[in-house]
Amino acid sequence: SLAGQRWSVTTAGERDTESWKQITGRVRATGATVEAIVHKRIDVLVASALAVRLKTQRVRRAAKVGVPVVGVEYIEACLARKGGKLPAVADYRR
């Protein structure tokens, strides 16, 4: 469980990938909470490839305050782990 962690999500409105609502549901399944605004107390920003390419406001803000930006694959890795340590954020950075 990632209880106590704060995550944010940006998808840039991509139609061929999961919706923001679906991704936030999966984040909540890990035990983390989802916040709409990126600030220095956010642990991770989950961003689609398009959001990173377009440098959405959340992606820019994450870079400014030092929040790591990861792909949706990081959620899957967190959900798939069986106890123990979390997957390394660095392995999933965008």
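Looking at Arg58, Arg81, Arg93, Arg41 in this structure, which one is basic (Lys, Arg) and touching a residue at least 40 places away in the same chain (Cβ under 8 Å)? Give the derivation first.
Numbers: Arg81 fails: touching a residue at least 40 places away in the same chain (Cβ under 8 Å); Arg93 fails: touching a residue at least 40 places away in the same chain (Cβ under 8 Å); Arg41 fails: touching a residue at least 40 places away in the same chain (Cβ under 8 Å).
Matching residue, one of Arg58, Arg81, Arg93, Arg41: Arg58.
Just for the stretch 31-71: of the residues that are over 10 Å from the mean Cα position of the chain (by Cα) and among the hydroxyl-bearing types (Ser, Thr, Tyr), which one is least open to solvent (accessible area, probe 1.4 Å)?
Filtering the stretch 31-71 for residues that are over 10 Å from the mean Cα position of the chain (by Cα) and among the hydroxyl-bearing types (Ser, Thr, Tyr), the one least open to solvent (accessible area, probe 1.4 Å) comes out as Thr56.
The values are calculated or read from the model by the stated rules, or taken from the named source; none is laboratory data. Remember, it's a predicted structure, so these values are computed and weren't measured experimentally. Quick reminder, even Gly has a Cβ in these numbers, built from the backbone with ideal geometry, and neighbours come from all protein chains shown. The protein model used for the area step is the full one, side chains on, heavy atoms only, and it has no ligands, DNA or RNA in it. Shrake-Rupley method; radii C 1.70, N 1.55, O 1.52, S 1.80 Å.
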